[in-house]
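**Q** Here's a structure for you.
The values are calculated or read from the model by the stated rules, or taken from the named source; none is laboratory data. The shown structure was predicted, so the numbers you read here are calculated from the model rather than taken from an experiment. We place every Cβ from the backbone using ideal geometry, glycine too, and count neighbours over all the protein chains shown. These accessible areas exclude ligands, DNA and RNA; they are computed on the full protein's heavy atoms, side chains included. Shrake-Rupley method; radii C 1.70, N 1.55, O 1.52, S 1.80 Å.
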Amino acid sequence: MSGENENEDTVESLQLQIKKLNRLLSLQEKKILRADMVISTCDRVMEMLNAERLLQEKNLINIHEENERQLTLLNAVVKATKIGLWDVGIVDNDLFHPENTFNWSNDFRKMLGYSDEIDFPNVFESWRSRLHPDDEEKAISDVTKYVADSTGTMPYDVEYRLKKKDGEYGYFRAYGEAIRGIEGGVIRLAGALMDISKEKNTLLNTERLRQEAEVASKSKSNFLANMSHEMRTPMNAIIGMTAIGKKSGEIEQKNHALNKIGDASSHLLGVINDVLDMAKIEANKLELSPVVFNFERMLNKILAVINFRVEEKQQKLIVNVDKNLPRFLIGDDQRLAQIITNLLSNAVKFTPEGGKILLDASLEGESGGKCEIRIEVKDSGIGISDEQKEKLFHAFEQAEAGISRQYGGTGLGLTISKRIVELMEGRIWIESELGEGAKFAFIVKVLRSENAEVNERLGMTDNTNDDNVIRIGEFSGKRLLVAEDIEINREIIIALLEGTGLIIDCAENGEVAVNMIEENYSKYDVIFMDVQMPVMNGHKATRRIRSFEAIQDFKTRIPIVALTANVFMSDIEECLAAGMDDHLGKPLDIDKVVEKLRKYL
């Protein structure tokens, strides 16, 4: 019995153990299941993390590619716009802190002509030392104020000049933007630099030209006002003295009026000639007409005119001529005389009564057949200040506005003289102090005349006071045809040549002149042909006459001398091209009229 009980106990014990084991197995299965679930969850999480990582990696690649694209685009823009980049790392919000770092891009350096950091180191002094002295203080002040501005509202947009490697200064414009720290201080300043030299210089030139235009406009206005005075004054004298002469019954008073009219007319002609010469200079048409001339004889003619005014003011004129100066020269004696006359006239004008004027003419040197002639005119007059000297040789300007009112004159004489001197390969200058008189001097180059025959002929006339004096009956038996549409001009020619024995016929236009020549060609010895006429002008009439001569096959042709107020070289050349032989400018100079008649009769 007891054995059975023991077996039962054993079985029961085993069953309990089995139950425990089953429970343990069940718990283990549950743990395993839970572990599988955790593992599954972890796998899913890992999958999600891997997907997120892959997405982030893809985004990073895209961002990197976009950054690379943006950087390439930025570099292209920088190169296209030709700007230089710069940035500054700032310590303690202090622009001048010794630990600050500076960086200038290669494009920045290239704008200044530098190639690398050796030429242009990454230090503050590289920039500061190249600032223009006039811009340095403001440029440093601008960037200092920008860094100190805690509000961040102040823009950094400034202009200054920087010295390039070649030593020239260029104009630059700098733009900047600050990067601020947590406390608001600037920790970095970056920006761009643009070379605006071309635009700035264009703007400055435009402004300079505008200012010059304003000055020129004012000068020309003053000149026109002065010119009006210079023209109206002699015109008033001419008109007034004409009225006085017409009213007067006394021959002495008439002669006095005529003399005054002559003086005023000469003055007016001088003003007109100055204006015409200035017009030639402005059109670059002032030209020289070289001839062989006797220098002393030319000088004596000038003195004959000037001495009258010198005597009026009781001045003393001393003339010294270098013995080494060649007697006969080749050059434009009329233009040379114009310069000397202008300088002497100014000396007489600005020297008080009883003053002294000195004229020196000397041979400065000779090379290659060209003589350097030095002329000096010194006076004891009012003198000229340094400021006034700057204006003397400028067109339409005088030393001072008050001078034209006090002493008269157009203010063109020295400008014209300077241009003539330059055409003669020379220079003109002044030495003077205010109140101490003035010395005008110039040097020109002319040729020495080696033509013995011409020299001898000129020498034979040295003792003649006026080689062009009209001699009674000088042209007896000769006939002149004057083609001129203005009746008073025809009357003047007839009156001037009265007593010479010259027979004068007149035609009122070119067509009438051509008909008169074709009807009786051998009747006329010379023709004076006006250029501007109605019906048929002088050029066309001359061509018709030359064509008629060619058809008739005459052995000689009639000399034709142009009469015209157009005295530019191009006008003279046009007359010669039409078949004319010579030229007389209006108003007519009787000496030159006689000269042409003697040449062709």
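**Q** What pairs come up if the first residue lies in segment 294-318 and is over 15 Å from Asp263 (Cβ atoms), the second is basic (Lys, Arg) and modelled with pLDDT of 90 or more, and their beta carbons are under 6 Å apart, counting only those six or more places apart or on different chains?
**A** From residues that are over 15 Å from Asp263 (Cβ atoms), the pairs are Lys316/Lys356.
**Q** Somewhere in segment 574-593, is a residue part of a helix (DSSP H, G or I), touching a helix residue (DSSP H, G or I) at 6+ places or on another chain (Cβ under 9 Å) and under 15 Å from Ile493 (Cβ atoms)? Talk me through it step by step, then tell me what you get.
**A** Taking segment 574-593 as the starting set, the residues that turn out to be part of a helix (DSSP H, G or I) are 574-577, 590-593.
Right, trim to touching a helix residue (DSSP H, G or I) at 6+ places or on another chain (Cβ under 9 Å) and you get 574-575, 577, 590, 593.
If we keep only those that are under 15 Å from Ile493 (Cβ atoms) as well, we get 590, 593.
For segment 574-593, residues part of a helix (DSSP H, G or I), touching a helix residue (DSSP H, G or I) at 6+ places or on another chain (Cβ under 9 Å) and under 15 Å from Ile493 (Cβ atoms): present.
**Q** Restricted to segment 498-511, and to residues that are over 20 Å from Ala565 (Cβ atoms) and of a type in the set (A, V, I, L, M, F, W, C), which residue is most open to solvent (accessible area, probe 1.4 Å)? Break it down into steps so the answer makes sense when it comes.
**A** At the first step, the residues of segment 498-511 found to be over 20 Å from Ala565 (Cβ atoms) are 498-505, 511.
If we keep only those that are of a type in the set (A, V, I, L, M, F, W, C) as well, we get 502-504.
Numbers: Leu502: 21, Ile503: 68, Ile504: 37 Å².
In this case the residue turns out to be Ile503.
**Q** I've got another one for you. Which one of the conditions (1) within 42 Å of the chain's Cα centre (by Cα); (2) touching a residue at least 24 places away in the same chain (Cβ under 8 Å); (3) surrounded by 15 or more Cβ atoms within 10 Å (Cβ to Cβ) does Val158 fail to meet, given that it meets all the rest?
**A** All conditions are met except number (2).
**Q** In addition: Please indicate, with yes or no, whether at least one residue in segment 435-447 is assigned to a helix (DSSP H, G or I), of a type outside the set (A, V, I, L, M) and either modelled with pLDDT of 90 or more or surrounded by fewer than 16 Cβ atoms within 10 Å (Cβ to Cβ) (or both).
**A** At the first step, the residues of segment 435-447 found to be assigned to a helix (DSSP H, G or I) are none.
No - not one qualifying residue is present in segment 435-447.
**Q** Name the single residue that is nearest to Met533 (Cα to Cα) among those in segment 456-509 being of a type in the set (Val, Ile, Thr) and modelled with pLDDT under 85.
**A** Ile470
**Q** Given (1) over 19 Å from Ile83 (Cβ atoms); (2) out of contact with any Phe, Trp or Tyr (no Cβ under 7 Å at 6 or more places or on another chain); (3) outside any strand (DSSP E or B), identify the lone condition not met by Asn201.
**A** Only one criterion in (1) over 19 Å from Ile83 (Cβ atoms); (2) out of contact with any Phe, Trp or Tyr (no Cβ under 7 Å at 6 or more places or on another chain); (3) outside any strand (DSSP E or B) is unmet by Asn201, namely (1).
**Q** Let me ask something additional. Do you know which residues across segment 501-537 are in a loop (DSSP other than H, G, I, E, B) and in contact (Cβ under 8 Å) with a residue 60 or more places away in the chain? Give the derivation first.
**A** Taking segment 501-537 as the starting set, the residues that turn out to be in a loop (DSSP other than H, G, I, E, B) are 501-502, 508-509, 520, 524-525, 531-537.
Passing the criteria: Leu502, Asp525.
Conditions (1) more than 25 Å from Trp429 (Cβ to Cβ); (2) within 40 Å of the chain's Cα centre (by Cα); (3) surrounded by fewer than 15 Cβ atoms within 10 Å (Cβ to Cβ); (4) of a type outside the set (A, V, I, L, M, F, W, C), marked per residue:
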{"site": "Lys246", "(1), (2), (3), (4)": "yes, no, yes, yes"}
{"site": "Met278", "(1), (2), (3), (4)": "no, yes, no, no"}
{"site": "Ile281", "(1), (2), (3), (4)": "no, yes, no, no"}
{"site": "Ser289", "(1), (2), (3), (4)": "yes, yes, yes, yes"}
{"site": "Arg297", "(1), (2), (3), (4)": "yes, yes, no, yes"}
{"site": "Asn300", "(1), (2), (3), (4)": "yes, yes, yes, yes"}
{"site": "Gly331", "(1), (2), (3), (4)": "no, yes, no, yes"}
{"site": "Gln334", "(1), (2), (3), (4)": "no, yes, yes, yes"}
{"site": "Lys349", "(1), (2), (3), (4)": "no, yes, no, yes"}
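Table: residues versus (1) within 28 Å of Gly262 (Cβ to Cβ); (2) more than 43 Å from the chain's Cα centre (by Cα); (3) open to solvent by 40 Å² or more (accessible area, probe 1.4 Å); (4) small (Gly, Ala, Ser).
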position: Ala513; (1), (2), (3), (4): no, yes, no, yes
position: Lys523; (1), (2), (3), (4): no, yes, yes, no
position: Ile527; (1), (2), (3), (4): no, yes, no, no
position: Pro534; (1), (2), (3), (4): no, no, yes, no
position: Ala541; (1), (2), (3), (4): no, no, no, yes
position: Phe554; (1), (2), (3), (4): no, yes, yes, no
position: Asp571; (1), (2), (3), (4): yes, no, no, no
position: Met580; (1), (2), (3), (4): no, no, no, no
position: Leu597; (1), (2), (3), (4): yes, yes, no, no
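**Q** Which of the residues that make up segment 121-147 are under 38 Å from the mean Cα position of the chain (by Cα) and of a type in the set (A, V, I, L, M, F, W, C)?
**A** Matches in segment 121-147: Trp127, Leu131, Ala139, Ile140.
**Q** Looking at (1) among the polar types (S, T, N, Q); (2) over 20 Å from Thr564 (Cβ atoms); (3) at pLDDT below 95, can you tell me which one Asn515 breaks?
**A** (3)
**Q** Then there's this: How many of the residues in segment 351-367 are open to solvent by 20 Å² or more (accessible area, probe 1.4 Å) and aliphatic (A, V, I, L, M)? Show your work before the answer.
**A** Kept after step one, since they are open to solvent by 20 Å² or more (accessible area, probe 1.4 Å), are these residues of segment 351-367: 352-354, 356, 358, 360, 362-367.
Add one more test, that the residue is aliphatic (A, V, I, L, M), and what stays is 358, 363.
Counting residues in segment 351-367 that are open to solvent by 20 Å² or more (accessible area, probe 1.4 Å) and aliphatic (A, V, I, L, M) gives 2.
**Q** Sort out which residues of segment 243-272 are among the small types (Gly, Ala, Ser), over 24 Å from Leu412 (Cβ atoms) and either in a helix (DSSP H, G or I) or in contact (Cβ under 8 Å) with a residue 60 or more places away in the chain (or both), and write them in order of number. So that I can check it myself, show each step before the final result.
**A** Step one: list which residues in segment 243-272 are among the small types (Gly, Ala, Ser), which gives 243, 245, 248-249, 257, 262, 264-266, 270.
Still in the running and over 24 Å from Leu412 (Cβ atoms): 243, 245, 248-249, 257.
The answer is Ala243, Gly245, Ala257.
**Q** Determine, yes or no, whether Thr341 is hydroxyl-bearing (Ser, Thr, Tyr), part of a helix (DSSP H, G or I) and surrounded by fewer than 18 Cβ atoms within 10 Å (Cβ to Cβ).
**A** Details: hydroxyl-bearing (Ser, Thr, Tyr): yes; part of a helix (DSSP H, G or I): yes; surrounded by fewer than 18 Cβ atoms within 10 Å (Cβ to Cβ): no.
Criteria not met by Thr341.
**Q** Look through segment 561-592, keep the residues that are free of Cβ contacts under 8 Å to residues at least 40 places away in the same chain and of a type in the set (A, V, I, L, M, F, W, C), and return whichever of them is nearest to Ser289 (Cα to Cα).
**A** Ile572
**Q** Across segment 309-329, what is the total count of residues that are open to solvent by less than 50 Å² (accessible area, probe 1.4 Å) and in a helix (DSSP H, G or I)?
**A** Count: 1.
**Q** Taking the options Arg598, Arg543, Arg557, name whichever one is of a type in the set (Lys, Arg) and touching a helix residue (DSSP H, G or I) at 6+ places or on another chain (Cβ under 7 Å).
**A** Values: Arg598 fails: touching a helix residue (DSSP H, G or I) at 6+ places or on another chain (Cβ under 7 Å); Arg543 fails: touching a helix residue (DSSP H, G or I) at 6+ places or on another chain (Cβ under 7 Å).
Being of a type in the set (Lys, Arg) and touching a helix residue (DSSP H, G or I) at 6+ places or on another chain (Cβ under 7 Å) holds for just one of Arg598, Arg543, Arg557, which is Arg557.
**Q** Sticking with this structure for a sec: Could you list all residues from segment 131-189 that are out of contact with any Gly (no Cβ under 8 Å at 6 or more places or on another chain), over 24 Å from Thr101 (Cβ atoms) and among the basic types (Lys, Arg)?
**A** Listed by number, the list holds a single entry, Lys138.
**Q** Right, here's the next one. Could you list, in sequence order, all residues of segment 106-144 that are open to solvent by less than 50 Å² (accessible area, probe 1.4 Å), of a type outside the set (Phe, Trp, Tyr), touching a residue at least 24 places away in the same chain (Cβ under 8 Å) and out of contact with any Lys or Arg (no Cβ under 8 Å at 6 or more places or on another chain)?
**A** Scanning segment 106-144 gives Arg109, Ser126, Val143.
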